[in-house]
Amino acid sequence: MSNSPVIAFLNKMTDLILLNVIWLLCCLPVVTAGAATTAAYYVSITSIRCGDGYVVKRFFSSFRKNFLQVTPVWIGVLLCSVILTVDMLFWYRQGTVFSKGMFIVSGIVCFLFLIWVLWLFPVFAKLDGKTGQLAKNAAAFAVGYLPYTAVLLVITGAAVYANLVSLVANSIMLFIGFAVLFYVQSFFFYRVFMNHIDEKFDDFDYPEKIFPNE
């Protein structure tokens, strides 16, 4: 009975709903959203390697471990997001030839920033190292595995678009959607990380650093 596909599916759905609820609650203070997102990726990626279950234990283990390191990074991401948004709006509203060129430059910077952030929290979730080195690793993955980055952008963009045009999508997102998004993305993160992590680690909870500190 335990090997039944139906039971396995129901167990997965239960885990995803639980992860969705925990992540949303831990994001409510805003300042904790970075650590919560890191923990959500940790749960999702680990479930691919080690199996389902232990959602709460894995989530809060990662949350506690990474909170002090990730929170300043998350605040920096928020500040940079605001600055880049204001910058793009400023050049967009100027209406001159020069401003159009600057708008394009700002758009390129925003794109590079976006793909970096896309990899940032999964890297913090599954790799150990100093903050600066992990940030470099995220940039290296984003550029070095550009096809994966493109697929991740499409998946994330589709989820964002669906929620902008559909109230049903909003409801699904609040119920289970964020966790499903983390889980689907994690298949790609897992494939990339395993190219750089020594397979001697049977438990994926103990990865080596990808790159040595410079």
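Tabulated data for the structure shown
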item	result
Angle between the chain longest axis and helix 97-126 axis [Cα atoms, degrees, rounded to 10]	20 degrees
For the chain, calculated [θ]222 nm from helices alone, where every DSSP H run of n ≥ 4 adds -39500 (n - 2.57)	-27000 deg cm²/dmol
Mean separation of Cα contacts under 8 Å (6+ apart) over length of the chain, as relative contact order %	27 percent
Protein accessible area in region 31-114, 1.4 Å probe - carbon and sulfur %	75 percent
0 to 90° range, to nearest 10: angle between helix 55-94 axis and the chain longest Cα axis	20 degrees
Per residue value of the accessible surface for the chain (all protein chains in place, 1.4 Å probe), Å²	55 Å²
Estimated D of region 6-93 in µm² per second, where Rh is the Kirkwood radius over Cα pairs and Stokes-Einstein applies at 20 °C, 1.002 mPa s	148 µm²/s
Simple Cβ-charge dipole of the chain, Lys/Arg +1 and Asp/Glu -1, about Cα centre, in debye nearest 20	320 debye
Rounded D (µm²/s) - the chain, Kirkwood Rh over Cα pairs, Stokes-Einstein at 37 °C, 0.692 mPa s	177 µm²/s
Using alpha-carbon coordinates, inclination of helix 33-50 to the longest axis of the chain, degrees	40 degrees
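The values are calculated or read from the model by the stated rules, or taken from the named source; none is laboratory data. Predicted model only: the values in this text are computed from it and were never measured. Don't worry about glycine lacking a Cβ; one is built from the backbone with ideal geometry, like all the others, and counts go over all protein chains shown. The accessibility values were calculated without ligands, DNA or RNA, using every heavy atom of the protein model including side chains. Shrake-Rupley method; radii C 1.70, N 1.55, O 1.52, S 1.80 Å.
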